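Engineer: Sending over a structure as structure tokens; questions will come in a sec.
Quick note: the coordinates plus some simple rules give every number you see, no bench work behind them. All values reported here derive from a predicted model rather than from experimental measurement. Virtual Cβ from ideal backbone geometry, glycine too; neighbours counted across all protein chains shown.
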Amino acid sequence: MMQQAVVIGGTRGIGAGVVSTLVDKGWRVLATGVSQDEVAAFDHDHQNVETAVLDVRDTEAVQALFSGLSQLDGLVNCAGILLRGAEYEIETFETVIDINLTGTMRCCLAAQPLLAASGGAIVNTASMLSYFGGPLVPAYSASKGGVAQLTKALAGKWAPEGIRVNAVAPGWIATEMTEALRADPERNAPILGRTPLDRWGKTAEVGALAAWLLSNEASFVTGAVYPVDGGYSAM
């Protein structure tokens with residue numbers, strides 16, 4: 001039987017890279033986007049990819065999505081936002097935390113019964129900012145630090161049920177979110193200067209690690225947070 005994964009935030013950016021990788025490895029994938037426009041813009045033509053609109057702030061909608069599934073072998077949480085200076089406004093701070101951190105928890109909780117039945121796995125999306133602060137993005141930094149710690153907590157809680165929980169921690173990845181940085185030589189240069197591999201990462205490279213963490217090859221791996229940053233966080 002083909003394995004089934006849900007990729008939250010899978011219709012753009014890193015999430016789309018994860019979806020593409022999983023499909024290439026033989027998974028059937030349900031990819032969610034936050035709006036109908038985002039889902040409609042998702043460019044895919046594979047018969048093993050389905051899409052759905054989901055706002056991870058809506059607990060009832062999250063529960064309904066997972067209750068409609070008969071099988072689940074893997075969950076990848078990629079939904080997230082970054083709003084820079086506006087994050088110093090408390091309402092914006094709360095919104096970022098609600099999506100990036102609490103939204104991850106909502107999806108993990110809703111997926112847990114199905115994953116316990118299949119012995120499945122979860123991959124959350126942390127960040128290099130899980131390890132050090134981001135003065136321009138306080139809510140994003142706090143949320144991603146929280147995702148790393150949530151991952152470890154859930155790994156311990158759900159190990160007796162056979163559910164593994166790990167996280168990827170991307171660094172500077174070439175996505176729509178980083179397009180302006182890559183296009184600005186003055187901002188691009190110091191990023192590459194600190195990155196030992198001297199380039200931006202690819203969404204497929206994050207996807208490859210996520211796929212491995214979901215696979216049986218990682219059957220003794222849980223509670224881990226893996227950097228995917230070309231060495232940036234090691235410098």
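Engineer: Can you give me the distance in nm between label points at Glu161 and Phe220, each placed 7 Å from the Cα along the Cα-to-Cβ direction?
Structural biologist: 2.5
Engineer: If you plug each phi of region 52-58 into the Karplus form 6.51 cos²θ - 1.76 cosθ + 1.60 with θ = phi - 60°, what whole-Hz ³J(HN,Hα) values come out, in order, with x for Gly and Pro?
Structural biologist: 8, 8, 8, 9, 5, 7, 9
Engineer: Going by average Cβ density within 10 Å per residue, which order do the peptides 5-15, 183-193 take, highest to lowest?
Structural biologist: Highest to lowest by the protection proxy: 5-15, 183-193.
Engineer: Tabulate in residue order the Karplus-calculated ³J(HN,Hα) for region 141-146, using 6.51 cos²θ - 1.76 cosθ + 1.60 with θ = phi - 60°, rounded to whole Hz; enter x for Gly and Pro.
Structural biologist: So the Karplus estimates, Gly and Pro as x, are 4, 4, 5, 6, x, x Hz.
Engineer: Convert each backbone phi in region 75-84 into a coupling constant with the Karplus relation 6.51 cos²θ - 1.76 cosθ + 1.60 (shift: θ = phi - 60°), then list the ³J(HN,Hα) values in order as whole Hz, x for Gly and Pro.
Structural biologist: For region 75-84, the Karplus curve yields 10, 10, 9, 10, 5, x, 9, 9, 10, 6 Hz.
Engineer: If amide H atoms are built 1.01 Å from N in the plane of the peptide, which residues on other chains or at least 5 residues away come under 5 Å of the amide H of Tyr226?
Structural biologist: Excluding prolines and chain starts, which carry no amide H, the hits are Ala167, Val168, Ala169.
Engineer: Rounded, prolate or oblate for the chain? Axes are the square roots of the Cα gyration tensor eigenvalues, ordered a ≥ b ≥ c, and the cut-off for rounded is a/c under 1.5.
Structural biologist: Rounded shape, in that the Cα axes give a/c under 1.5.
Engineer: Also, I was wondering about something else. Search the structure for amide H atoms under 5 Å from the amide H of Leu30, placed 1.01 Å from N in the peptide plane, and list their residues when 5 or more places away or on another chain.
Structural biologist: Result for Leu30 returns Ala5, Val6, Val7, Glu50.
Engineer: Additional query: On a 0 to 90° scale, report how tilted helix 203-214 is relative to the longest principal axis of the chain, with both axes built from alpha carbons and the result rounded to the nearest 10.
Structural biologist: Approximately 40 degrees, to the nearest ten.
Engineer: Quick one: Cα centre-to-centre distance for region 219-235 and region 154-174, in angstrom?
Structural biologist: 11
Engineer: At a 10 angstrom cut-off on C-beta neighbours, averaged per residue, how do the peptides 170-182, 70-82 rank from highest to lowest?
Structural biologist: The most tightly packed comes first, giving 70-82, 170-182.
Engineer: Right, next: Could the peptides 25-33, 48-56 be put in order, highest first, of the mean number of other beta-carbon atoms found within 10 Å of their residues?
Structural biologist: So the peptides 25-33, 48-56, ranked by packing, come out 25-33, 48-56.
Engineer: By the gyration tensor of its Cα atoms, with a ≥ b ≥ c the square roots of the eigenvalues, what is the shape of region 1-131: rounded for a/c under 1.5, prolate for a/b over b/c, or oblate?
Structural biologist: Prolate.
Engineer: Return the distance in nm (one decimal) between the two label points of a simple spin-label model at Ser70 and Asp24, each offset 7 Å from Cα along Cα→Cβ.
Structural biologist: Distance between label points: 3.0 nm.
Engineer: What's the local net charge at Leu54, with K and R +1, D and E -1, over the other residues with C-beta under 15 Å away?
Structural biologist: So the environment of Leu54 carries a net charge of -4.
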